[in-house]
Each structure stands twice: as structure tokens, then as C-alpha cells.
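Novice: Sharing a structure here in C-alpha cells format.
The values are calculated or read from the model by the stated rules, or taken from the named source; none is laboratory data. All of these numbers come straight from a predicted model, not from anything done at the bench. Quick reminder, even Gly has a Cβ in these numbers, built from the backbone with ideal geometry, and neighbours come from all protein chains shown.
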Amino acid sequence: MNTNKKTLKKKPIIIAGPCAAESREQIEIAIREAKKRKIDFLRVTLWKPRTKPGFDGLGEDGLPLLVDVVNAGLNPALEVITPEHAKMVIDTVLHLLKKDGKLLLWIGSRNQNHIIQKEIARIASQDQRIYLMVKNQPWASEEHWEGIIGHVLSGGISKKNLINCHRGFMPNGHNPLGLRNVPDFTMAMKIKEKTKIPILFDPSHTGGIVENVLKMAQEAARYAFDGIMVEVHHNPKVALTDAKQQLTWKQFDKLLKQNPN
């Protein structure tokens, strides 16, 4: 199969919601908007890695928001930085999930400690309702990207519960659109073919600004990605993190319409 062309037949996985959970009011709005659109997973990230000091998430204080999401009938998704984060989330959510409910944890691009990667995977492997997503590292290296996946699998998680995510690589030279991170679609498709693991695309962290987020989503639609993860905020102007790249829910609708699956 030529995975460089769009051959996806099944319904794509859609993850959407704020870059970071900021308040109960914000998440309540996100819950309402996500339910209208039947989103697969709602982003409710509680811990945010930061380049410079700033709002780094609600942390443990935000765990009740995950309960709100599950009680609303939605599947929560969030980044975990340490194994302790993963355990806290699972202890909070797992007993509330229905048999067909899901919890998605992900390891971010900056989290390149293979011991931590492996331990998070081990913790996530305890229940078939827990899915783990891994993002590519910041620098362009197919070998390193494969290595991350190998470390995670060595933690004991099943391939059936593992998802890859391409969020581009740090710019190094040619970057006419001024992207935050430059995608390598060819490499992403090679990783998908080699690992036989579904892969999503993250237009938010490639685009960096709304205009480019929409462009990158449209470009990615030419390839056999298995879904998309998009940052969406009810009022991006007041967002505490990544305000420039977060879509409104109406802009998110536009993105979905221009990329029908």
C-alpha cells in the first residue's frame, strides 16, 4: 500500500480541546462544544512543559475536571510528564470509565528520557481502556523516532493501545511559512509503515498561528494519517498557553469541513 496517498477508509480519530485546562468554566464550555461535535477525545491537559517560566498547568488540582469530562460521557486526553502523573490520572479516571470508555495519555516531544517513557508505558498497560500516544522528538531523526516507539513498547503496552503523533520538527533552514515546527510527511508515513501503528497529525504545533494551522491540516489530508489532534479554545485571546495557535470552535468546524474524511 502506498501510504503517501490518502487511503484511510475508517473514521479518523479526532482529539480536540484547549492547549491546557485553565478553569472549570473553560472545561465546561469545552465539554458542551465537544459533545455537539462527537469528538473522540477531549483535551484536558493538567501539566504543561514550558520553555520559560509561566503557567504550567493546574496540576493535581485539576484532576476533578477529568471526572467532569468522564461524567459527561466524554473520553479525556492529556499529556503526562512523569509516571506519577500517569498514576494519578489513572487512579482518578479508570474506575469511572464505562466498558466502552477510553482514557488517552500522551508523552510529549520534550520528554526524551527513555526510562520515563518506558515506565509511563508500563503504567498505561494495566487496562485495555487506556491508550498511550507518543509524539516525535523535536529534532528530525527517523532512527530516534523509531527508538522512542521501541522504548515504549518495551514497557509492555500493546500495539493495539499505542498511537503515534507527528507534530513536526524544529525549523532548521528552509521555512517560508514561518511554521512553529516543520512537518516531514514522508518520514511520518515511513514510521507508520514500519511500525504498523496508527499515526495522528498535530497541525497546532506545526502551524503556530491559526492561518498556518488550517494550512497544515489541509496539507496533511493528502496523506494517510489516522486522525488529527487540534488545540481549540472558546476564547483563544485569553488563553494562558499557546494563544496564537488555538482555534475557536467555529474555526475548528471550518478545519473539519475543508478536510472531509
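Novice: Inside region 225-240, can you point out the residues that are surrounded by fewer than 20 Cβ atoms within 10 Å (Cβ to Cβ) and either touching a residue at least 40 places away in the same chain (Cβ under 8 Å) or outside any loop (DSSP other than H, G, I, E, B) (or both)?
Specialist: Here is the first cut: in region 225-240, the ones surrounded by fewer than 20 Cβ atoms within 10 Å (Cβ to Cβ) are 226, 234-238, 240.
Passing the criteria: Asp226, His234, Pro236, Lys237, Val238, Leu240.
Novice: For region 196-210, state whether one or more residues are modelled with pLDDT of 95 or more, on the phi < 0 side of the Ramachandran plot and touching a Ser or Thr at 6+ places or on another chain (Cβ under 6 Å). First the steps, then the outcome.
Specialist: Residues of region 196-210 that are modelled with pLDDT of 95 or more, as a first pass: 196-210.
Of the ones still in play, those that are also on the phi < 0 side of the Ramachandran plot are 197-207, 209-210.
Those left that are additionally touching a Ser or Thr at 6+ places or on another chain (Cβ under 6 Å): none.
The answer is no; no qualifying residue exists.
Novice: Just wondering, is there one or more residues in region 106-117 that are assigned to a helix (DSSP H, G or I), free of Cβ contacts under 8 Å to residues at least 60 places away in the same chain and β-branched (Val, Ile, Thr)?
Specialist: Within region 106-117, the subset assigned to a helix (DSSP H, G or I) is 114-117.
Pick out the ones that are also free of Cβ contacts under 8 Å to residues at least 60 places away in the same chain and you get 114-117.
From the residues that got through so far, the ones that are β-branched (Val, Ile, Thr) too are 115-116.
Yes: one or more hits.
Novice: Further question on the same structure: Pairs, please: C-beta under 8 Å, at least 6 apart or cross-chain, first residue free of Cβ contacts under 8 Å to residues at least 40 places away in the same chain and in region 58-75, second of a type in the set (S, T, N, Q) and in a helix (DSSP H, G or I)?
Specialist: The qualifying pairs are Leu63/Thr92; Leu66/Thr92; Val67/Thr92.
Novice: Within region 183-197, can you find the residues that are in a loop (DSSP other than H, G, I, E, B) and either within 20 Å of Lys159 (Cα to Cα) or acidic (Asp, Glu) (or both)? Steps first, answer last, please.
Specialist: Within region 183-197, the subset in a loop (DSSP other than H, G, I, E, B) is 183-184, 196-197.
Matches in region 183-197: Asp184, Lys196, Ile197.
Novice: Name every residue in region 91-105 that is assigned to a helix (DSSP H, G or I) and either buried (at least 18 other Cβ atoms within 10 Å of the Cβ) or among the hydroxyl-bearing types (Ser, Thr, Tyr) (or both), in order of residue number.
Specialist: Start the filter on region 91-105 by keeping residues that are assigned to a helix (DSSP H, G or I), which leaves 91-96.
Listed by number, the residues that qualify are Thr92, Val93.
Novice: When you go through (1) out of contact with any Gly (no Cβ under 8 Å at 6 or more places or on another chain); (2) surrounded by fewer than 19 Cβ atoms within 10 Å (Cβ to Cβ); (3) within 20 Å of Gly17 (Cβ to Cβ) one by one for Glu211, which number turns out not to apply?
Specialist: Among (1) out of contact with any Gly (no Cβ under 8 Å at 6 or more places or on another chain); (2) surrounded by fewer than 19 Cβ atoms within 10 Å (Cβ to Cβ); (3) within 20 Å of Gly17 (Cβ to Cβ), the lone unmet condition for Glu211 is (3).
Novice: For region 135-158, name all the residues that are free of Cβ contacts under 8 Å to residues at least 60 places away in the same chain and either in contact with a Ser or Thr (Cβ under 8 Å, 6 or more places away or on another chain) or part of a strand (DSSP E or B) (or both). Talk me through it step by step, then tell me what you get.
Specialist: Quick first cut of region 135-158, residues free of Cβ contacts under 8 Å to residues at least 60 places away in the same chain only: 136-158.
Asn136, Gln137, Pro138, Glu146, Ile149, Gly155, Gly156, Ile157, Ser158 - these are the residues of region 135-158 that are free of Cβ contacts under 8 Å to residues at least 60 places away in the same chain and either in contact with a Ser or Thr (Cβ under 8 Å, 6 or more places away or on another chain) or part of a strand (DSSP E or B) (or both).
Novice: Here is a further query. If I ask for residues that are of a type in the set (Phe, Trp, Tyr) and more than 13 Å from the chain's Cα centre (by Cα), which ones from region 36-54 would you list?
Specialist: Taking region 36-54 first, the residues of a type in the set (Phe, Trp, Tyr) are 41, 47.
Result: Trp47, single match.
Quick grid of which residues meet (1) closer than 22 Å to Ile13 by Cα; (2) in contact with a helix residue (DSSP H, G or I) (Cβ under 8 Å, 6 or more places away or on another chain); (3) modelled with pLDDT under 95; (4) surrounded by 15 or more Cβ atoms within 10 Å (Cβ to Cβ):
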residue: Asp56; (1), (2), (3), (4): no, no, yes, yes
residue: Gly59; (1), (2), (3), (4): no, no, no, no
residue: Leu66; (1), (2), (3), (4): yes, yes, no, yes
residue: Asn71; (1), (2), (3), (4): yes, yes, no, no
residue: Leu74; (1), (2), (3), (4): yes, yes, no, yes
residue: Leu78; (1), (2), (3), (4): yes, yes, no, yes
residue: Lys87; (1), (2), (3), (4): no, yes, no, yes
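Novice: Another question about this same structure. Output the number of residues of region 190-218 satisfying the condition of being more than 18 Å from the chain's Cα centre (by Cα) and farther than 15 Å from Leu247 by Cα.
Specialist: 5
Novice: Looking at Leu200, Leu132, Leu179, can you tell me which residue is of a type in the set (A, V, I, L, M, F, W, C), assigned to a loop (DSSP other than H, G, I, E, B) and surrounded by 18 or more Cβ atoms within 10 Å (Cβ to Cβ)? Show your work before the answer.
Specialist: Numbers: Leu200 fails: assigned to a loop (DSSP other than H, G, I, E, B); Leu132 fails: assigned to a loop (DSSP other than H, G, I, E, B).
Every option except Leu179 fails the conditions.
Novice: Would you confirm whether or not region 159-172 contains a residue that is modelled with pLDDT under 95, surrounded by fewer than 14 Cβ atoms within 10 Å (Cβ to Cβ), over 20 Å from Ala224 (Cβ atoms) and not small (Gly, Ala, Ser)? Break it down stepwise before answering.
Specialist: Kept after step one, since they are modelled with pLDDT under 95, are these residues of region 159-172: 172.
Next, from what is left, pick out any that are surrounded by fewer than 14 Cβ atoms within 10 Å (Cβ to Cβ): 172.
Imposing the further condition that a residue be over 20 Å from Ala224 (Cβ atoms) reduces the set to 172.
From what's left, not small (Gly, Ala, Ser): 172.
Taking every residue of region 159-172 in turn, at least one turns out to be modelled with pLDDT under 95, surrounded by fewer than 14 Cβ atoms within 10 Å (Cβ to Cβ), over 20 Å from Ala224 (Cβ atoms) and not small (Gly, Ala, Ser).
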